[in-house]
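The values are calculated or read from the model by the stated rules, or taken from the named source; none is laboratory data. As the structure is a prediction and not an experimental result, all values here were calculated from the model. Note: ideal-geometry Cβ built from the backbone for every residue, glycine included; neighbour counts use all protein chains shown.
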Amino acid sequence: MLSQWSAPNPLLFGSGKCAETGAELAKLGCKRALVIYDKGVESAGIAAKIIAAIESAGIEAVRFSDVQADPPDWSAEAAGALGVREKVDCVVGVGGGSSLDTAKAATMLQTNPPPLKQYYGREGVVTKPSVPLIVIPTTAGTGSECTPGGVITDTERGIKTNIAGAGCRVTLGIIDPELTLGLPKSVTASTGLDALCHSVESYTSARANPFSEVAGREGMRLAGQYLVRAYDDGSDLEARGGMMLASSLGGIAMSGALCHLAHDVGRSLGAKFHVPHGNGCAITLPQVLRAVAHTAPQKLLYVAEALGATDASLANAGEAAAGKALELLRRVNLPTMRDLGLPRADVLRVVPEEVVMQCEMAAKAGIVTSPVPVTLDLIREIVTSAYDEN
C-alpha cells in the first residue's frame, strides 16, 4: 500500500537562474515583496543580488534580515508581522533552511493570524491559502524548495516541530548552483550530509513508496559522487550543481515518506543542545543504518554502493553502509558529539526520551516512519555507539 507522496511545486534549476526572480514575481502579479534572509546571506552579497533582480522588475522589496538559526516561533512571527504591516503581496525566502522555514511561516501568517503554534503539525492542519512564495536556497541541503512545510522551534516546549498546509505552500523554487560557490567547508559538509540523510532515511522509511524510492536512490547517488568534491573545492560548479540536485531530490523523496531515526535524534540535539541541523542528523547516521539493516538488506546494499562500497553483499549490507557513512563523516570533518563538547550523560539523559516521546506523538496521529520499533534502549544504543565510534 502506497503512502502519501506530494508532487513538488514548479522549479527553475540552473546557473544564473536567480536573476529571473523579479520576472517570475511579475508573472504572478506581485507588486510588493517581503524578502527574508539572514546576516550571512546579506554579508555575502547574495541578498542584494536578489533584491536588485526584484526591484529591476518594478517590484518593491521589504527586507527582513533577522533570521535566527533553528528559527524560533517568535522570530518567524516577527517576519510575518512585518509583512502584514507593510501589506506585502508575496514573500521571497533566500538562504539556508532557517531562512526558508522562516519565509514559509511568514507566508502562512499573511492570511492565518498568529500565534503560529495553532498551526503546528505535519498532516491534518487546516490553513488558508496565502500569498505567492518563492524560495531560493543558498545551500545544498534542506530541499525546502520542494517540500510542503517547514520546521519551527516551539519555544514553549523546547522542541522542533512542523508547519504545513496550504498557508505555507511554495509557489516556485529557484535553484541556482552559483549561489553556493565558495560556501565554507563546514557548511558544505553539514548541509550536504543533511541532503544525504533525507534521501537515505526516506528510502528506508516505513512510509517509503516507489516515487520516494526513485528520488531517494538518485539523491544519495549524487551525494556520494559530489559531496567530497564540493567540500574539497568550493569553486567546482559541477559538484555544486550535483549537490543542489541531490538536495532537491532529497526534498522530493521525503515528501510523504518522511525521515526517521537520524532526523529524530538530530531534532533533539538541535532543540536541546543547539547542534546545527545537518550535523545533528548525520551524527548518528552510521549507527541508524546498522540498526535498520535487517529490515531491508537490499536497500542497505544500495546505500553502501552509493557511498562507494565495492565489495558489499546482502550478508554485510548494514555494516558496509554504516562503515561507508562513517568514512564520509570523517572525510568531511563532521564534528563529533565530543568535539561539540556534549557530555555523554547529558545527551543520554535527554535525547532518548525526547525521541521516543516525539515518535509516540507522531504514531498517535498515524505517522510511523521508523522501520524498527522505537524504544529507549534502541535510541540509547544508537547514541552511545555514535558517541564512542565517530
| Flag for Gly22 being of a type outside the set (Phe, Trp, Tyr), at pLDDT 95 or above and either touching a strand residue (DSSP E or B) at 6+ places or on another chain (Cβ under 8 Å) or at positive phi (or both) | no
| remark: Conditions (1) over 23 Å from the mean Cα position of the chain (by Cα); (2) surrounded by 14 or more Cβ atoms within 10 Å (Cβ to Cβ); (3) of a type outside the set (Asp, Glu) -> Pro343 fails only (2)
| Matching residues in the range 347-373 - criterion: being touching a residue at least 40 places away in the same chain (Cβ under 8 Å) and either touching a Leu at 6+ places or on another chain (Cβ under 6 Å) or of a type in the set (Asp, Glu) (or both) | Glu354, Thr369, Ser370
| task | Can you give me the number of residues within the range 43-80 that are closer than 14 Å to Val91 by Cβ and free of Cβ contacts under 8 Å to residues at least 12 places away in the same chain? | result | 0
| task | Give me the pairs, please: first residue somewhere in the range 210-230 and surrounded by fewer than 24 Cβ atoms within 10 Å (Cβ to Cβ), second residue anywhere and modelled with pLDDT of 95 or more and not in a helix (DSSP H, G or I), beta-carbon distance under 7 Å, and either six or more positions apart or on two chains. | result | Gly224/Leu307; Gly224/Gly308; Val228/Val332; Arg229/Asp236
| Selection within the range 161-186 - within 24 Å of Leu261 (Cβ to Cβ) and of a type outside the set (Gly, Ala, Ser) | Thr161, Asn162, Ile163
| query | So, in the range 309-320, of the ones that are polar (S, T, N, Q) and farther than 22 Å from Leu378 by Cβ, which residue ends up surrounded by the fewest Cβ atoms within 10 Å (Cβ to Cβ)? | reply | Thr310
| Listed residues Arg338, Arg330; which is in a loop (DSSP other than H, G, I, E, B) and surrounded by fewer than 14 Cβ atoms within 10 Å (Cβ to Cβ)? | Arg338
| message | Can you list residue pairs whose Cβ atoms sit under 7 Å apart, with the first residue in the range 13-24 being within 19 Å of Cys146 (Cβ to Cβ) and the second being outside any strand (DSSP E or B) and among the basic types (Lys, Arg)? Count only pairs 6 or more apart in sequence or on different chains. | response | Cys18/Lys49
| Filter result (under 20 Å from Val35 (Cβ atoms) and of a type in the set (A, V, I, L, M, F, W, C)) within the range 117-155 | Val131, Leu133, Ile134, Val135, Ile136, Ile152
| task | Pull up the range 149-160, narrow it to residues that are at pLDDT 90 or above and surrounded by 19 or more Cβ atoms within 10 Å (Cβ to Cβ), then point me to the one that is farthest from Ala23 (Cα to Cα). | result | Thr153
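Hey, among Glu60, Glu86, which residue is closer than 25 Å to Glu178 by Cα, among the charged types (D, E, K, R) and either out of contact with any strand residue (DSSP E or B) (no Cβ under 9 Å at 6 or more places or on another chain) or modelled with pLDDT of 95 or more (or both)?
Step by step, each of Glu60, Glu86 is checked, and only Glu60 is closer than 25 Å to Glu178 by Cα, among the charged types (D, E, K, R) and either out of contact with any strand residue (DSSP E or B) (no Cβ under 9 Å at 6 or more places or on another chain) or modelled with pLDDT of 95 or more (or both).
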| message | Among the residues that make up the range 106-124, is at least one of them assigned to a strand (DSSP E or B) and either hydroxyl-bearing (Ser, Thr, Tyr) or surrounded by fewer than 21 Cβ atoms within 10 Å (Cβ to Cβ) (or both)? | response | yes
| query | If you take the residues of the range 277-308 that are within 24 Å of Ser186 (Cβ to Cβ) and of a type in the set (Val, Ile, Thr), which of them is surrounded by the fewest Cβ atoms within 10 Å (Cβ to Cβ)? | reply | Ile283
| note | Subset of the range 246-257, residues more than 23 Å from Gln225 (Cα to Cα) and surrounded by 24 or more Cβ atoms within 10 Å (Cβ to Cβ), comes to Ala257
| If we keep just the residues of the range 348-373 that are over 20 Å from Val292 (Cβ atoms) and at pLDDT 95 or above, which is surrounded by the fewest Cβ atoms within 10 Å (Cβ to Cβ)? | Arg349
| If we scan the range 274-281, do we find a residue that is assigned by TED's automatic domain parsing to the domain that holds Pro373, among the polar types (S, T, N, Q), modelled with pLDDT of 95 or more and more than 20 Å from the chain's Cα centre (by Cα)? | no
| request: Only residues that are assigned to a loop (DSSP other than H, G, I, E, B) and within 21 Å of the chain's Cα centre (by Cα): list them for the range 346-383, please. | output: Ile367, Val368, Thr369, Ser370, Pro371
| Any idea which of Ala325, Ala304, Ala309, Ala320 is modelled with pLDDT of 95 or more, within 25 Å of Glu218 (Cβ to Cβ) and outside any helix (DSSP H, G or I)? | Ala309
| request: Evaluate the range 157-170: report whether one residue or more is within 15 Å of the chain's Cα centre (by Cα), outside any strand (DSSP E or B) and small (Gly, Ala, Ser). | output: no
